[in-house]
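One structure below.
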Amino acid sequence: MRDWSPERVAEAAGVHLARPATVAAHGPPGPARVTIDSRDVRPGDLFVGLPGSNVDGGRYAAPALAAGAWGVLVAPDYARDDIREQPGVLLTSEGPLAGLQALARSWRRALGAQVIAITGSTGKTSTKDLLAAMVAQQRRVAATEQNLNTEIGLPLTILAAPAGTEVLVLEMAMRGAGQIAELTAIAEPDVGVIVNVGPVHLELLGSLEAVAAAKAELLAGLRPGAVAILPAAEPLLDAHRREDVRTVTFGPGGDVAEIPGELELPFTSLHMRLNALAALAAARAVGVAPRGRLAVRLSALRGQRIELPGPVLVIDDCYNANPMSMRAALDDLAASATGRRVAVLGDMLELGPGEARFHADVGAHAGATGVDVLVTVGPLAAGMAAGFEANGEREHRATADAAAAAALVEQLVTAGDTVLVKGSRGVGLEVVAQRLRAAAAGG
């Protein structure tokens, strides 16, 4: 947006230009970047002061301008004299977040890029990483970084896409009904991908049917003639299909059921190959036919395999967890480990009234897949013990929190072990992998 005038930025965001453009700082007419963190402001940025639960970001407009911001977008109450006396564009709105979202939608349209939106109960980040790697072989691509997949993060992702971007790959997260619809209205995707539907957010949504309906808001928001990429074996989505949208299915029995011989994947796990099929279907939908060995960089804490001296292999998959992703990770552990299998499994959160049953089932699956040592972390995960031990005499150790688990696992692990670390984000299990790394380094 560097060539956008302050007037055009204000119009695109649907906000008020409170300071004449002639007062703008020297340099390109438009902002170089958009940020919501005043500590991150660099010269030429547009700082958007969003209201928060504790502090309103509008309070930091003056420091942002002092740091060289191109301008600020804040609520009218923050357009005070200390801001008006500083150089820079002043934009005001009663709803700065709505302004940020409208600006992102305008930039998405100006880019002229094809937009692919991805959601799902599990695996959406890995699918996004795989898809971005596939598309990058032939097109200029920009994709969601880190966890910028919410009503705030998604607009920032769009606004960070540089001019010349040909394909924009966006991950969409949700916590309840209506949120995927909100993100879809901002992104206006040409291709919508639903990776799967599983038991997540049941505490808020109540049933798998409600989860499917929330994910299917992506389908409802697609323009006529767009493409929907859906799992072949998911009847919960059947009621949400549209006749005016082309549907492509993936997975066993689907339209895209196999990885072609000319495409080499850097992994063998079944759930990652299924994610790759979804990504392949989406890549083909925008005219890309990937081939050769896929160079993919998976996002942090999502199944990274860390080789430590010993040797010890750590599978760091602790960004989040639900019953579906837990089973897939345990299946992968069973298929890939050559020595003792150690599973460090934490609480799965937001599962609602059935949480005890879901945890017991995961414990049983851990036993059935041959886990040798199970370390549970948290009060809910402790419920995995009964199902695990029912599969034979196995070692189970219960810990109260991630710190206790990290200390225990450091003592338990021996040469040849493969260690899976997985739990909901709120458990904070990344400290387990960090502790093992530090121990291997002699720290």
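Residues R293, R284, arranged from fewest to most other Cβ atoms within 10 angstrom of their Cβ, appear as R293, R284. In order along segment 128-143, phi translates into HN-Hα couplings of 4, 4, 5, 5, 4, 5, 5, 5, 5, 5, 10, 9, 7, 10, 10, 9 Hz, rounded to whole numbers, per the Karplus curve 6.51 cos²θ - 1.76 cosθ + 1.60 with θ = phi - 60° and x for Gly and Pro. When the helices of the chain are scored as -39500 (n - 2.57) per DSSP H run of n ≥ 4 and the total is divided over every residue, the value at 222 nm lands at -10000 deg cm²/dmol.
Compute the signed sum of charges (Lys and Arg +1, Asp and Glu -1) over the other residues within less than 13 Å, Cβ to Cβ, of Q137. Spelling it out: positives minus negatives among the neighbours equals +2.
Contact order, relative form, for segment 60-147: 18 percent (alpha carbon pairs under 8 Å, 6 or more residues apart, mean separation divided by residue count). The alpha carbon centroids of segment 83-115 and segment 163-192 are separated by 17 Å. Residue order for H359, H240, fewest other beta carbons within 10 angstrom first, comes to H240, H359.
For G346, the residues whose amide H sits under 5 Å from its own are V377, K422, G423, S424, ignoring neighbours fewer than 5 places away on the same chain, with H placed 1.01 Å from N. For the chain, what's the relative contact order in percent, using C-alpha pairs closer than 8 Å and at least 6 residues apart? Once divided by the residue count of the chain, the mean separation gives 11 percent.
Tally Lys/Arg at +1 and Asp/Glu at -1 over every other residue whose Cβ is under 10 Å from the Cβ of L265; what's the total? Local net charge: +1.
Among I152, I180, I36, I158, the ranking by other beta carbons within 10 Å of each residue's beta carbon, starting with the fewest, stands as I152, I36, I180, I158. Among the trypsin sites (Lys or Arg not before Pro) in segment 81-139, those placed in a DSSP loop whose Cβ has at most 16 other Cβ atoms within 10 Å are R139. Here the 3J(HN,Hα) profile of segment 213-228, calculated from phi with Karplus coefficients 6.51, -1.76 and 1.60 at θ = phi - 60°, is 5, 5, 5, 6, 4, 5, 5, 4, x, 6, 6, x, x, 6, 10, 10 Hz, Gly and Pro shown as x.
The loop-placed GluC sites (Glu not before Pro) in segment 213-278, going by DSSP, that have at most 16 neighbouring Cβ atoms within 10 Å of their Cβ come out as E243, E258, E262. For a test of the definition: using alpha carbon positions, the gyration tensor, and the 1.5 limit on a/c, classify segment 6-96 as rounded, prolate or oblate. Taking the square roots of the gyration eigenvalues as a ≥ b ≥ c, segment 6-96 is rounded. Once the chain from T268 to A232 is taken as fully extended at 0.36 nm per residue, the excess over their C-alpha distance is 10.9 nm. In a fully extended conformation the segment linking E389 and D56 would gain 114.8 nm over its present Cα-Cα distance, using 0.36 nm per residue.
We did not get these values from a lab; they are worked out from the coordinates using the rules stated. A quick note: this is a predicted structure, and the numbers were derived from the prediction, not measured. Note that we place each Cβ from the backbone using ideal geometry, even for glycine, and neighbour counts take in every protein chain shown.
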